[in-house]
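For reference, the structure discussed in these notes is given below.
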Amino acid sequence: MSFRSLLSLACLMMLTSSALAGGWDTGPFDNDDALDWVWALTESNNLSVIDAALDGVLESRDYIEAPTASMAIAAAEVLAALAGNPADALPEEVTAWVDANELDVNTDMAAKARKVIKLVMDDERSELAQLWGDAPPLASAWRAGLEDLAQRLQ
């Protein structure tokens, strides 16, 4: 990471609420909420934890809290990995879980994850999108990462 990126990230963390205080970069696993969710994933051997994380966003009526969004994005990344389209850098625990649990990702589950990604990117409904919007240089990288994830879930 360049000095400029580190400086931008430091500014982001100072300017935004505590919801991003546990974040250190724009990747789907670069925050405490996602890594806490990974622990729950490693305790399972089916898609229920992934489904629950996605449902957390879908069941948020008016506003999607940042922790809920972060866990759902991590879940979508696991789905992409299960479908054979992993991100370049996954936590070791996620890679091990995917290797140990060869589960099929059906088209409905992939479509659900893409819908969740779209909702998380909605500046009107998503706290996470609003927080990233406070740091334009990093917001672009965050959005590009989510768009890439949605493509890998096709």
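Values quoted throughout were computed directly from the atomic coordinates according to the rules given, and no laboratory measurement underlies them. On a predicted model such as this, the values are computed, not experimentally measured, just so you know. Because the Cβ atoms are built from the backbone with ideal geometry, glycine has one as well, and the counts that use them run over all protein chains shown.
A few points about this structure:
- Of the GluC sites (Glu not before Pro) in region 79-115, the ones in a loop by DSSP (not H, G, I, E or B) with at most 10 other beta carbons within 10 Å are 102.
- Estimated from helices alone, the mean residue ellipticity of the chain at 222 nm is -20000 deg cm²/dmol (sum of -39500 (n - 2.57) over DSSP H runs with n ≥ 4, per residue).
- Both radii were evaluated on the Cα set of the chain; the Rg over Rh quotient, with Rh as the Kirkwood radius, amounts to 0.95.
- Between 103, 82, 131, the Gaussian network model of the chain with springs among Cα atoms under 10 angstrom shows the greatest mean-square fluctuation at 103.
- The long axis of helix 3-15 is offset from the longest Cα principal axis of the chain by roughly 90 degrees.
- Gaussian network model of the chain, springs between alpha carbon atoms under 10 Å - residue of 114, 61, 125 with greatest fluctuation: 61
- The dipole here belongs to region 3-152: it is taken about the Cα centre, uses +1 on the Cβ of Lys and Arg and -1 on the Cβ of Asp and Glu, and is about 460 debye.
- Under a 5 Å amide H cut-off, with hydrogens placed 1.01 Å from N, residue 64 pairs with 126, 127 among residues at least 5 apart or on other chains.
- Mean separation of Cα contacts under 8 Å, 6 or more apart, over the residue count of region 88-152: relative contact order %: 20 percent
- The fewest-to-most ranking of 148, 30, 88, 123 by surrounding Cβ atoms within 10 Å reads 88, 123, 148, 30.
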